[in-house]
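Notes follow the structure.
The values are calculated or read from the model by the stated rules, or taken from the named source; none is laboratory data. What you see is a predicted model, and the numbers here were worked out from it, not measured in a lab. All Cβ positions, glycine included, derive from the backbone under ideal geometry; neighbour counts span all protein chains shown.
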Amino acid sequence: MAEKLIIIGSGPAAWAAAIYAARANLQPLVFEGAVTDANRVAGTLPLGQLALTTEVENYPGFPAGDLGAYFTAAMGDALDEGTRAFLAESARHGATGPTLMELIRRQARNFGTRVITDDIVDVDVQSRPFGLSASDGQHYQSEAVIVATGARANYLGLPSEERFKNRGVSACAVCDGALPRFRNRPLAVIGGGDSAVEEADYLSKFASKVYLVHRRDELRASKIMVQRAMDNPKIEIQWNRVVEEVEGNDREGVTGVHLKSTTQQPDVKLPISGFFLAIGHTPNTTFLRGKLALTSKQYIQLTTPGRTHTGVEGIFAAGDVADDYYRQAITAAGTGCMAALDAERWLAARGG
Ligand code: FAD
C-alpha cells in the first residue's frame, strides 16, 4: 500500500516536516540517509550538517548553561555514550549540534514518525503514487514526497583542513564567527565570490583582521561587494594565492595558514586563529537530476513564491536543498514546517 507522505532527509528541515506531518495524521515515513563510508566522507550522514558541528549558539530556545537535566529527561533511554559525552560540553555552551538534532528527531518519533536509515537513490516522478527506490533495493510508493536532503559545504580537501574542523576551520561564518575563539583574532576567508566577501565583511565585526585569500587577481564578486571589501580597513586581500596548508596544533587548533603564490611570488605564512571556507556548497540532488527542475547551481527550483512547491505537483522541497542563500538550521526547520503544511493541504484537496 502507498504511503501518504515520504520525507527524504534528516536535517532540521526533514524532522520539522515530520513533526508537523505526524501531528496532522499523515503517518510520515522518513528516509534519514544511510550510514556508509561514502556518506561519512561526503558529510551526509543521518542527522545532517548540524551533527558535524560542536556548539550551536543561534538556534532559538537553547541558551548557554547547564541543559544536561533537560536533555536527559527529554531523551531518556535514547541517550547513548556519544550523546552523554556531548552533554558534558552542553553544560558550558548550550546545545551542541548532534544533541540538538537528536532532540528534534526524537520529537518527530514521539508523534509516530517511522524512520528508515537508508538513502533514496531514485524517484519515479511520472508514476502516481510516486515510486521511490532505496539503496538496499527496496521500492516504496507515496502519494506526496518532501525532499529535504540538504547540501554540503565545499572544502579544499587538505588533510590539515580536516584535522582542524571545529577547531578553527569552519564553512559557515554566520554560524561560527561570533564564537569566542575567533574574537579579536586574525582570520582568513578563502574564496572570491559574493559570499566570500560577505563572510569577510561579517567576520570583520569580530576579528582583529580578515585576510581574504583569492587565487586570481580579480574577485568574482559583484562590483558593490568588491568595493565593500576594499573600503573595509580590517580586510586585506591576498591576491593570486592558494592554500598550501592549514597550520595549528592540538591545544590551540588553527594558528596559521601557509599560502602559495600562483604568480611565482614567495610563499607567505599568516598567523590566523580561524580559517573560513567560502567556496560554495553542493546540494544533495544528484538522484533528482532529470526528474525535478533544478537551478543552474543544482538546487531544487521552487515554483511558487513563498511556498515549497517544486516543478512536480505533489513533491515539495525544504531546507538547504532549495536554499543557496540563508542556509541556517532555523530557516531549514521553518521551510520543513511549510512543506508539511503544503503537502497536507495538497493531499486534503485531493481527498487524501
Ligand atoms: P542537512 O542538515 O543538510 O541534512 C540533510 C541530510 O539528508 C543529510 O545529512 C543526509 O543524512 C540526508 N540525505 C541526503 N541525501 C539523501 C538521500 N538521497 N536519501 C536519504 N537521505 C538523504 N546553522 C545554524 O543555524 N547554526 C549553526 O551554528 C550552524 N553551524 C554549522 C556548522 C557546520 C560545520 C555546517 C556544515 C553547517 C552549519 N549550519 C549551522 C548550517 C545548518 O547545519 C544547515 O543550514 C542545516 O543543517 C540545513 O538543514 P537541512 O534540513 O536542509 O539538511
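The set of residues from the range 185-220 being over 27 Å from Gln264 (Cα atoms), without any contact (Cβ under 8 Å) to a residue 60 or more places away in the chain and in contact with a strand residue (DSSP E or B) (Cβ under 6 Å, 6 or more places away or on another chain) comprises Ser204, Ser208. Within the set Val169, Val197, Val147, Val123, the sole residue that is crowded, with 19+ Cβ neighbours inside 10 Å, within 11 Å of the ligand (Cβ to nearest atom), under 27 Å from Asn232 (Cα atoms) and among the β-branched types (Val, Ile, Thr) turns out to be Val169. If I filter the range 286-309 down to residues being outside any loop (DSSP other than H, G, I, E, B) and surrounded by 14 or more Cβ atoms within 10 Å (Cβ to Cβ), which single residue comes out as farthest from the ligand (Cβ to nearest atom)? Looking at the filtered set, the residue picked out is His309.
Every condition in (1) within 6 Å of the ligand (Cβ to nearest atom); (2) of a type outside the set (Asp, Glu); (3) closer than 19 Å to Val147 by Cβ holds for Ala24 except the one numbered (1). Exactly one residue among Leu29, Leu50, Leu45 is within 18 Å of Val147 (Cα to Cα), more than 9 Å from the ligand (Cβ to nearest atom) and either touching a helix residue (DSSP H, G or I) at 6+ places or on another chain (Cβ under 6 Å) or touching a residue at least 12 places away in the same chain (Cβ under 8 Å) (or both), and that residue is Leu29.
Filter the range 126-144 for residues that are part of a strand (DSSP E or B) and of a type in the set (Ser, Thr, Tyr); which is surrounded by the fewest Cβ atoms within 10 Å (Cβ to Cβ)? Explain how you work it out, then say what you get.
If we filter the range 126-144 for residues that are part of a strand (DSSP E or B), which is where we start, we get 130-134, 139-144.
Those still in the list that are of a type in the set (Ser, Thr, Tyr) too: 133, 140, 142.
Values: Ser133: 16, Tyr140: 19, Ser142: 22.
Taking the candidates together, the pick is Ser133.
Figure legend. Inter-residue proximity from the range 319-330: first residues touching a residue at least 12 places away in the same chain (Cβ under 8 Å), second residues polar (S, T, N, Q) and within 6 Å of the ligand (Cβ to nearest atom), beta-carbon distance below 6 Å, spacing 6+ or different chains. Indicated pairs: Val321/Thr149. For Tyr211, the requirement of being surrounded by fewer than 20 Cβ atoms within 10 Å (Cβ to Cβ), within 25 Å of the chain's Cα centre (by Cα) and not acidic (Asp, Glu) is not met.
In contact with a His (Cβ under 6 Å, 6 or more places away or on another chain), within 19 Å of Met1 (Cα to Cα) and hydroxyl-bearing (Ser, Thr, Tyr): is that true of Ser133 in this structure?
Numbers: in contact with a His (Cβ under 6 Å, 6 or more places away or on another chain): yes; within 19 Å of Met1 (Cα to Cα): yes; hydroxyl-bearing (Ser, Thr, Tyr): yes.
The answer is yes for Ser133.
Do you know which of the residues in the range 58-70 that are among the aromatic types (Phe, Trp, Tyr) and more than 17 Å from the chain's Cα centre (by Cα) is farthest from the ligand (Cβ to nearest atom)? Let's see the steps before the verdict.
Taking the range 58-70 and keeping what is among the aromatic types (Phe, Trp, Tyr), we get 59, 62, 70.
Within this subset, residues satisfying the condition of being more than 17 Å from the chain's Cα centre (by Cα) are 62, 70.
Working: Phe62: 11, Tyr70: 19 Å.
Per the stated criteria, the residue is Tyr70.
Under the condition of being surrounded by fewer than 21 Cβ atoms within 10 Å (Cβ to Cβ), assigned to a loop (DSSP other than H, G, I, E, B) and of a type in the set (Val, Ile, Thr), the residues counted in the range 1-52 number 2. Applying the criterion of being within 11 Å of the ligand (Cβ to nearest atom) and within 20 Å of the chain's Cα centre (by Cα) to the residues of the range 106-120, the residue that is surrounded by the fewest Cβ atoms within 10 Å (Cβ to Cβ) is Thr117. When Gly290 is tested against (1) in the same structural domain as Gly48 (by TED's automatic domain parsing); (2) more than 26 Å from the chain's Cα centre (by Cα), exactly one condition is not met: (2).
Between Asp324, Asp342, Asp267, the distinction of being more than 19 Å from the chain's Cα centre (by Cα) and surrounded by fewer than 17 Cβ atoms within 10 Å (Cβ to Cβ) belongs to Asp267 only. Outside any loop (DSSP other than H, G, I, E, B) and either within 16 Å of the ligand (Cβ to nearest atom) or at negative phi (or both): which single residue out of Val312, Val321 fits that description? Answer to the selection: Val321.
Kindly indicate whether Ser135 is within 16 Å of the ligand (Cβ to nearest atom) and closer than 20 Å to Leu45 by Cβ. Break it down stepwise before answering.
On the way: within 16 Å of the ligand (Cβ to nearest atom): yes; closer than 20 Å to Leu45 by Cβ: yes.
It is true that Ser135 is within 16 Å of the ligand (Cβ to nearest atom) and closer than 20 Å to Leu45 by Cβ.
Based on this model, can you work out whether Glu55 counts as touching a residue at least 12 places away in the same chain (Cβ under 8 Å), within 11 Å of the ligand (Cβ to nearest atom), buried (at least 16 other Cβ atoms within 10 Å of the Cβ) and not aliphatic (A, V, I, L, M)?
On the way: touching a residue at least 12 places away in the same chain (Cβ under 8 Å): yes; within 11 Å of the ligand (Cβ to nearest atom): yes; buried (at least 16 other Cβ atoms within 10 Å of the Cβ): yes; not aliphatic (A, V, I, L, M): yes.
Yes.
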